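The values are calculated or read from the model by the stated rules, or taken from the named source; none is laboratory data. Just so we're clear, the structure is a prediction, and the values are computed from it rather than from any experiment. With ideal geometry, Cβ positions are generated from the backbone for all residues, glycine too; neighbour counts draw on all protein chains shown.
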Amino acid sequence: MYRSLPDLGIRHVATVPDAGLGRFLELCEADPAIRLITLTTEEEGIALACGTWLGGELAAVAIQSSGVGNIVNMLALPNVCRIPCLLLVSMRGEAEERNPWQVPVGRTVPDLLTALGVEVFRPESASGVAAAFAEAAARAQEAGRPAAVLVGQHIIGAKSFVGGDG
């Protein structure tokens, strides 16, 4: 997927750092042609993507599914203003999840994004992520609205969780 960024015209990637997207973010950071912007909140990513589009370029916003709840209100901006916004979301709360706190939001992310007018793409395998990302970028630009690629735990792997008293 990282290799597709130049072909998609993406030179800006905004992120609230996430281990699930770690390798992708490392590659972006090492590439002098890509500007990796570390955010303090996911909402900033939506604003940055909108501003980048107004400057003539498409940006990608890379976040964890738990951060989707933070961008609900901000998604009105690209929807109402018809601005393409490309989201890359590492999913939590799926079948392999070991952290129970991630499950409620993780289960609702696809339906929540759809209800908010975001077109959702769910690649079935690692080999399908780049194609889904390219399709989402094309659809976002054609429709003038947000699109999201949700990368499941079966692709990125489940994080370990140690809880309780031992």
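Any residue at all in region 2-18 that is of a type outside the set (A, V, I, L, M, F, W, C), at negative phi and touching a Cys at 6+ places or on another chain (Cβ under 7 Å)? Yes. Filtering region 69-90 for residues that are free of Cβ contacts under 8 Å to residues at least 24 places away in the same chain, surrounded by fewer than 21 Cβ atoms within 10 Å (Cβ to Cβ) and under 22 Å from GLY22 (Cα atoms) leaves an empty set.
Restricting region 17-42 to residues that are surrounded by 13 or more Cβ atoms within 10 Å (Cβ to Cβ) and in a helix (DSSP H, G or I), which is modelled with the lowest pLDDT? Ranking the qualifying residues of region 17-42, first place goes to GLY20. Under the condition of being part of a helix (DSSP H, G or I) and at positive phi, the residues counted in region 43-92 number 0. Of the residues making up region 91-105, those that are surrounded by fewer than 20 Cβ atoms within 10 Å (Cβ to Cβ) and either within 30 Å of GLY144 (Cβ to Cβ) or of a type in the set (Gly, Ala, Ser) (or both) are ALA95, VAL105. Taking (1) out of contact with any helix residue (DSSP H, G or I) (no Cβ under 6 Å at 6 or more places or on another chain); (2) farther than 26 Å from GLY144 by Cβ in turn, ASN73 satisfies each apart from (2).
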